[in-house]
Amino acid sequence: MGRKVVFTIAAKNYLGQAKALGYSIKETNPEVDFHILLADEIDGHDLQASDFTLVEAKTLGIKKFHEMAFKYNVVEYSTSIKPFYLDHLFKNYEYDKILYLDPDMVVYDNLDYLYEQLDTYDAILTPHIIKPYVEYEGATSEEELLFVGIYNLGFFGVRRGEVGNTIIQWWKAKLTDQCFADKADALHVDQRWMDFLPSLYGSNVGILRHPGVNTAFWNMHEREFTDVDGKYFVDGQPLLVYHFSGLVPEEYHKLCRKQTKYSLDNKPEYTRLFKEYVDLMNEKCGLQAHKDMHYTYSSYKNGVYIVPYQRRLYRGILNQKSHNFANPFEIGKNSFYELLDNNKLLIIDDNAKYAKLQKSFPNYKAMFEKANKGLKVLKKLIGIKRYYMIMRYLGVQSRFEEQMFLFEKNG
């Protein structure tokens, strides 16, 4: 068994991206093993992933497996199980060094540089940005980077040993209950926790500043990308790993849906990189076949869609310890589903219509304008002091975790 491995995590609908990563590793680093941890269930699908080691997360024996799959959305859940698979790999394989890469990454060169860093450090991280700007020019605001975390956990490396194991066990404990993307709690999935790592472990942690590692839209402003005779370079160094974060394959000319500053119009040097990536996913990785596959943990056992606020209500119940549901996906007697039903908190009329509404909600400008006019009228009627108190109250109660009063009937 090889001593080096890369793994990624994906739901079924993201397997096209995960396979592209896998094939890029096979081409550039054939001696490195590649695993896909499926944050989902196969559900009888032919995933056509025989070229790689594919493991369902439900087989890992995670103690709070159903709870985590329910209270977390797909991104939160996928990131929460990362340290559990690190633990699994060290306990069940003879790997000495492990790299994690997000599924929307591609490897373009030999990874020896990264594995060699794990000869010196017990863990390695990559910052979002590595150059200071008084007049900041990035596509992602500095405030946003402060919120999501200094380091991008689309990349992480760890070596076997006492320190590495301590990091993994610590991270597992944190992500079991605190892997939400929640500004109110200063959480952004697994990333914010790793801001602690350099202060907790000091010189055991390596902060990589290689410009060709975890290159992405958020550091595009600080790095010069060049295509020389078919080989990619960043600030004159070989591109090792590119992170296609936020890419919509059908609109790859926009580079990323999370920003509007850059596109192929003003960054034409990226044209071949992005086109080849999309072609690879479409021609070899089954992108179209995978992208609409149903996420198993998006619905209850009867197929009813789990609305995001229901996950947050469940989180509130866990915080209060008012109920104990062995499996919140169940729909029978004394289930979480029954509790929602008894309190008229289910939305089961038209799941597809609701999902479309949820996606387009930020575009309801006219509705927001009417609501703002209503608030102005309310302020005039009750005065600024009472209006201020109501807004303070709503600021807290707008979080569904705080709305346990909705459960008038215990089920």
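Computed quantities for the displayed model
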item	result
So GLY246, is it touching a strand residue (DSSP E or B) at 6+ places or on another chain (Cβ under 8 Å), surrounded by 15 or more Cβ atoms within 10 Å (Cβ to Cβ) and not hydrophobic (A, V, I, L, M, F, W, C)	no
Selection count where residues are within 22 Å of HIS243 (Cβ to Cβ), assigned to a loop (DSSP other than H, G, I, E, B) and within 24 Å of the chain's Cα centre (by Cα), scope the range 260-306	6
Lone unmet requirement of (1) assigned to a strand (DSSP E or B); (2) more than 21 Å from SER78 (Cβ to Cβ) for PRO211	(1)
The one condition in (1) surrounded by fewer than 17 Cβ atoms within 10 Å (Cβ to Cβ); (2) on the phi < 0 side of the Ramachandran plot; (3) not acidic (Asp, Glu) that GLY202 fails to fulfil	(2)
Options VAL148, VAL75; residue that is touching a strand residue (DSSP E or B) at 6+ places or on another chain (Cβ under 9 Å), within 25 Å of THR260 (Cα to Cα), touching a residue at least 60 places away in the same chain (Cβ under 8 Å) and assigned by TED's automatic domain parsing to the domain that holds GLY22	VAL75
Test: residue in the range 168-177 that is in a loop (DSSP other than H, G, I, E, B), touching a residue at least 24 places away in the same chain (Cβ under 8 Å), more than 16 Å from LEU118 (Cα to Cα) and aliphatic (A, V, I, L, M)	no
ILE317 being crowded, with 16+ Cβ neighbours inside 10 Å, within 21 Å of ARG399 (Cβ to Cβ) and within 20 Å of the chain's Cα centre (by Cα)	no
Residue, surrounded by the most Cβ atoms within 10 Å (Cβ to Cβ), within the range 214-240, restricted to residues that are in a strand (DSSP E or B) and touching a helix residue (DSSP H, G or I) at 6+ places or on another chain (Cβ under 8 Å)	TYR232
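Every residue, every condition in (1) among the charged types (D, E, K, R); (2) in contact with a Lys or Arg (Cβ under 8 Å, 6 or more places away or on another chain), yes or no:
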site: ILE9; (1), (2): no, yes
site: ASN13; (1), (2): no, yes
site: GLN17; (1), (2): no, no
site: GLY22; (1), (2): no, no
site: LYS26; (1), (2): yes, no
site: GLU31; (1), (2): yes, yes
site: HIS45; (1), (2): no, yes
site: SER50; (1), (2): no, no
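The values are calculated or read from the model by the stated rules, or taken from the named source; none is laboratory data. Note that this is a predicted model, so its numbers are computed, not measured. Positions of Cβ are generated from backbone atoms using ideal geometry, with glycine treated the same way; all protein chains shown enter the neighbour counts.
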